[in-house]
1. For the chain, give the share of DSSP beta bridges that are antiparallel, in percent and rounded to the nearest 5; count only bridges with both residues there.
2. How far apart, in nm, are the 7 Å Cα→Cβ label points at R10 and S239?
3. Let me see the pair-distance distribution of the range 67-195: every alpha carbon pair, 10 Å bin width, integer percents in order.
4. Please state the shape class of the range 56-116: rounded when a/c is under 1.5, otherwise prolate if a/b exceeds b/c and oblate if not, all from the C-alpha gyration tensor.
5. Write down the Kirkwood hydrodynamic radius of the chain, to one decimal in angstroms, obtained as one divided by the mean of 1/r over all alpha carbon pairs.
6. Taking the Cα-to-Cβ direction at V146 and at V203 and moving 7 Å from each Cα, how far apart do the two end points lie in nm?
7. Between the range 60-110 and the range 173-210, what is the separation of their alpha carbon centroids in Å?
8. State, to one decimal in nm, how far the label point of E299 lies from the label point of A279, with both points 7 Å from Cα in the Cβ direction.
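Values quoted throughout were computed directly from the atomic coordinates according to the rules given, and no laboratory measurement underlies them. Computed from a predicted model, the values in this text were never measured in an experiment. Neighbour counts are summed over all protein chains in view; Cβ atoms, including those assigned to glycine, are modelled from backbone coordinates with ideal geometry.
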Amino acid sequence: MAKEGGCLFRIGYFFYSRTRIGQIYHNRDIAKAREKYPDGQTHSVIQPLKYGELTLTPLPILLDNYSYILKDSKSAVVIDPGDPEPVIKYLQDNQISPEAVLVTHKHWDHSGGNSAMKQQYPSIRIYGGVHDNVNNVTDTVKDLDVLQFGDMSFTVHFTPGHTEGHVVFLLDGTPFGMSDSLFSGDHLFLGGCGRMFEAAPSVMLGSLDKVSSFKGDVLVWPGHEYAKDNLDFACHLESSNEESKKKYDWIKNQRKQNLCTCPSTIEEERSYNPFLRTAEPSIVEALSVKEFEQPITDETRAKILREIRTRKDSYKYKL
């Protein structure tokens, strides 16, 4: 039965991620979000943030997604417009005309607004990873490509794991007097990472190691508001970690007020995110799996990553 269930999942996932059938399911998810959050309500308070000449807005969409709208004095960019209606409304209400859309990966909750953005803004450029078959792109990007819009300079980093062609975008913060900003899609979350739908744990581990090696002050802007569940699990798994406990308390207070929990920083994530801590003895001890004994090689770390993912997927979250 387990094999049969896995096969059915793979077939369903193929049609969701590779065909327009996925768009039908995505439209159902949009309808669910409208039902849960009627009359323009959202899962989080909209809080535009100012960094010099840059305005960065985490825009809550769907049930728990974030799209991002970035505007400097010369240009504007949208990241992951999964639901085009609230994105376009926000742009129009604030008289913003975007030059480009950056898409981290092909899943419809991140790319589902591409077509509508094209229709609304005929000259817009839509960028997606060359290996990920993102719908309606005008330009494909690869690892270490640099995209320039006004004073905004984004470096593309290839991060396969969640999907085979997932990319993240690293914004150079220098022109705005801020730290660099990582728009991480479904690769890295506050306290978590995306499921490994299309790659082996060793591939995901390499991608996580890549972002974990970024400067500690890099700001992390994820594609979902998953922080509360992620830190709940992190505290459960590594109960001795005081950093995760402090972060969890802060997140619970934020979410009581429907406030956004991002950004965190890479340094913070290294201190409490179990998916970035696969070489830590405290994580190995917490898992209590004999084959994870020293020395901890990359092969062992990939097994640890898979075990953490399995336990998180079956974890019963606190209310």
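1. Of those bridges, close to 70 percent are antiparallel.
2. 3.8 nm
3. Going out from 0 Å in 10 Å bins, the range 67-195 shows 14, 47, 34, 5 percent.
4. It is prolate, given that a/c is not under 1.5 and a/b is the larger ratio.
5. 20.1 Å
6. 2.9 nm
7. The range 60-110 and the range 173-210 have Cα centres separated by 19 Å.
8. 1.8 nm
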